[in-house]
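The values are calculated or read from the model by the stated rules, or taken from the named source; none is laboratory data. In this text, all values refer to a predicted model and were calculated from it rather than measured experimentally. Positions of Cβ are backbone-derived with ideal geometry, glycine not excepted, and every protein chain shown enters the neighbour counts.
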Protein chains: 2
Amino acid sequence: MPVNLSAPDPASLLPVAGVRLGIASAGIKKPGRRDITLIELAPGSRVAGVFTQNRFCAAPVALCKQHLAQGDIRALLINTGNANAGTGEEGLRRARRTCEAVAQLMGCAAETKGVSRQVQIGGSTITVTGIAKGSGMIHPNMATMLGYVATDAAIAPGLMPQLVKEVADVSFNCVTVDGDTSTNDSFILIATGQAGNAEIADLAGAGYAALKAALSEVAIGLAQAMARDGEGATKFITVAVEGGRDRAECKQIAYAIARSPLVKTAFFASDPNLGRILAAIGYAGVTDLDVNTLQVYLGDVLVAEQGGRAASYTEAQGAAVMKEADIVVRVVLNRGHANATVWTCDFSYDYVKINAEYRT
Amino acid sequence: MPVNLSAPDPASLLPVAGVRLGIASAGIKKPGRRDITLIELAPGSRVAGVFTQNRFCAAPVALCKQHLAQGDIRALLINTGNANAGTGEEGLRRARRTCEAVAQLMGCAAETKGVSRQVQIGGSTITVTGIAKGSGMIHPNMATMLGYVATDAAIAPGLMPQLVKEVADVSFNCVTVDGDTSTNDSFILIATGQAGNAEIADLAGAGYAALKAALSEVAIGLAQAMARDGEGATKFITVAVEGGRDRAECKQIAYAIARSPLVKTAFFASDPNLGRILAAIGYAGVTDLDVNTLQVYLGDVLVAEQGGRAASYTEAQGAAVMKEADIVVRVVLNRGHANATVWTCDFSYDYVKINAEYRT
């Protein structure tokens, strides 16, 4: 599928000092499939996470939260093929037993998919590497997103919860395949402290900003890859909303467009269907929005303004943009200086096929 | 499609004194198609409406609101094949010219689809008849819902705005096909006052309650027919949420289930996929929901309790329910006395086909 051509190049992955990765087959759903990833961490590593807001939070997520609160994390175990969600107390017991078994098992060959970056902080070279499991990336699994980003930077443990939230907000929290929120969504940030930099201890300092930028770049790459690999995806769609009063209203409008089944089937059909995009903007829930003062662009083409189709717009222009595998929808609200970007994919026959045939 | 078998029987439609219906071909999108409905009202008829909350409110909707505010409505003109949305000032001018033309044109043969009921109020027989245009009912058109319910009851004009809202809240506001809100959604209530009953003037009286019940029954029938006839629908799904603290949280959970593409593709596949239903309950946004104290039923079968799969549940039971064309999902929250019901349909290959091939 052309949409996947620009996915991250696995060859560019850099090792992070203090982190070892292993993959194995546990025969969870299909025999012989590599369904387990183990991330081993050096002593002293800092770990923080953000997790699904779903009230049916899966057992492994509940346990992971407990362990992160206790600190001193030495390994992360990730499986596919079984969500262990909606499994009550028995599910929790099983997740706990699995963790106990891992404690005796460390060490195997590294291989995975991901994104890497390096950045200089206070004279030290900091490495950032991230891996992710997402919609269709390994297997369609409720569009579950699991993201793990590791760096060898030294950072005060007190800053980790804030940092992981800020990075998630511009990356994993900006991607949608079908609007469903899984019981297992998790994003974990690891800092092993082995790069030799002076510990980053100030939220307002240059070191924090530089590290956050590198982490965000890696996390955005992973998040975009999830949309590119969305179930049945044939197109990668970026929805950018600019000139809003605050980021929240920009995100609300971007998500209304990115989640609309009508907009997404139109993209699948390469149909520059203005009406569906305008309708999604209109029902996004920004109740005082003046639709007469906003502009909508498909790629570089101005398609709507003054409450309707732009006078200069021809359907041939829109059709040319829609033929691409990588499409940007831009909405300029002209009522402030905030903006937000959301990534998604189109909605195809294969989305229905994959999700109708998939049995939990 | 079996889902449509229980749609309302057109033969049961009763005329309402003071209302005449006409249908004509205007060649709006396809030559020869009957794309215009005219509803002519006797002098003195009361009319009230509720309309789309979409900020891109279509020109005919904006004009209809103006005319209802002025009062003395003598005719309603409804078209398909052109939404006249996102058309700015020119769209408004055209809608206005169309209304002027109708003023000279009244009178033609009645025929349409709908639902009728009769009720006794203060010794008079009151007739209620409703017609609707919805998703796929006439043509797939952004799942636009247009509902018109007429009665010959006499009712004080001051009560009409409240009555139309109350009826919409239990009918048209409880149906979803794909979660998109059209620029044109409208529900219009007409009372011609020709039944001979003493004018209903008290919101707390028995007459108001009886009329509201009859109107609601008709409007619910029309709303359900919209879900049954949803684009590509093969199953009609009722989502009933009970035992909530208030109606709002029940509706929130019911809509989360009814809108989930993952739940809807599972219904299409006749797959009793518990995980997807539980996940939708969990992400509905009721942040203090305790998932360990709720029950979920498919038809009469208890499928989930205590945070997971019910001990008594077998997949064969779930599979038997899912084979039906008419399925009830029931969620019992056990935290209050409120409830809400939402109707929807499944999500099939044909949903994608219809919406990918449809061009505005």
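Just name the residue that is surrounded by the most Cβ atoms within 10 Å (Cβ to Cβ) out of those in segment A:223-232 that are closer than 22 Å to residue A:187 by Cα and of a type outside the set (Asp, Glu).
Step by step, filter segment A:223-232, then rank; the result is A:230.
Considering only residues that are among the aliphatic types (A, V, I, L, M) and not in a helix (DSSP H, G or I), which ones fall in segment B:219-249?
B:233, B:237, B:239, B:240, B:241 - these are the residues of segment B:219-249 that are among the aliphatic types (A, V, I, L, M) and not in a helix (DSSP H, G or I).
Go through (1) within 30 Å of residue A:217 (Cβ to Cβ); (2) modelled with pLDDT under 80; (3) of a type outside the set (Gly, Ala, Ser) one by one and return the number of the condition residue A:131 breaks.
(2)
For segment A:233-242, state whether one or more residues are surrounded by fewer than 24 Cβ atoms within 10 Å (Cβ to Cβ), of a type in the set (Val, Ile, Thr) and out of contact with any helix residue (DSSP H, G or I) (no Cβ under 7 Å at 6 or more places or on another chain).
Yes.
Given the condition within 14 Å of chain B (Cβ to nearest Cβ), on the phi < 0 side of the Ramachandran plot, surrounded by fewer than 24 Cβ atoms within 10 Å (Cβ to Cβ) and modelled with pLDDT under 70, answer yes or no: does some residue in segment A:164-178 qualify?
No, segment A:164-178 contains no residue that is within 14 Å of chain B (Cβ to nearest Cβ), on the phi < 0 side of the Ramachandran plot, surrounded by fewer than 24 Cβ atoms within 10 Å (Cβ to Cβ) and modelled with pLDDT under 70.
If we keep just the residues of segment B:281-324 that are of a type in the set (Phe, Trp, Tyr) and more than 10 Å from chain A (Cβ to nearest Cβ), which is nearest to residue B:244 (Cα to Cα)?
B:297
Might you check whether a residue that is acidic (Asp, Glu) and assigned to a strand (DSSP E or B) occurs anywhere in segment B:315-327?
There is at least one residue in segment B:315-327 that is acidic (Asp, Glu) and assigned to a strand (DSSP E or B).
Each row is one residue, and each column tells you yes or no for (1) in contact with a Pro (Cβ under 6 Å, 6 or more places away or on another chain); (2) small (Gly, Ala, Ser); (3) in a loop (DSSP other than H, G, I, E, B); (4) at pLDDT 90 or above.
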{"position": "A:251", "(1), (2), (3), (4)": "no, no, no, yes"}
{"position": "A:255", "(1), (2), (3), (4)": "no, no, no, yes"}
{"position": "A:258", "(1), (2), (3), (4)": "no, yes, no, yes"}
{"position": "A:264", "(1), (2), (3), (4)": "no, no, no, yes"}
{"position": "A:267", "(1), (2), (3), (4)": "no, no, no, yes"}
{"position": "A:278", "(1), (2), (3), (4)": "no, no, no, yes"}
{"position": "A:286", "(1), (2), (3), (4)": "no, no, yes, yes"}
{"position": "A:297", "(1), (2), (3), (4)": "no, no, no, yes"}
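Restricting attention to segment B:301-322, report how many residues are in contact with a helix residue (DSSP H, G or I) (Cβ under 8 Å, 6 or more places away or on another chain), of a type outside the set (A, V, I, L, M) and more than 20 Å from residue A:53 (Cα to Cα).
2
Given (1) buried (at least 22 other Cβ atoms within 10 Å of the Cβ); (2) of a type in the set (Ser, Thr, Tyr); (3) touching a Lys or Arg at 6+ places or on another chain (Cβ under 8 Å), where does residue B:265 come up short, assuming only one miss?
(3)
List, please: which pairs have Cβ atoms under 9 Å, are six or more places apart or on different chains, and start with a residue in segment B:50-77 that is more than 22 Å from residue B:20 (Cβ to Cβ) and away from every other protein chain (no Cβ under 14 Å) and end with one that is in a loop (DSSP other than H, G, I, E, B) and modelled with pLDDT of 75 or more?
Matching pairs, first to second residue: B:50/B:185.
Limited to segment B:335-360, what total is found for residues that are among the polar types (S, T, N, Q) and either within 14 Å of chain A (Cβ to nearest Cβ) or part of a helix (DSSP H, G or I) (or both)?
So the answer is 4.
Could you look through segment A:56-111, keep only residues that are of a type in the set (Gly, Ala, Ser), surrounded by 13 or more Cβ atoms within 10 Å (Cβ to Cβ) and out of contact with any helix residue (DSSP H, G or I) (no Cβ under 9 Å at 6 or more places or on another chain), and pick out the one that is modelled with the lowest pLDDT?
Looking at the filtered set, the residue picked out is A:110.
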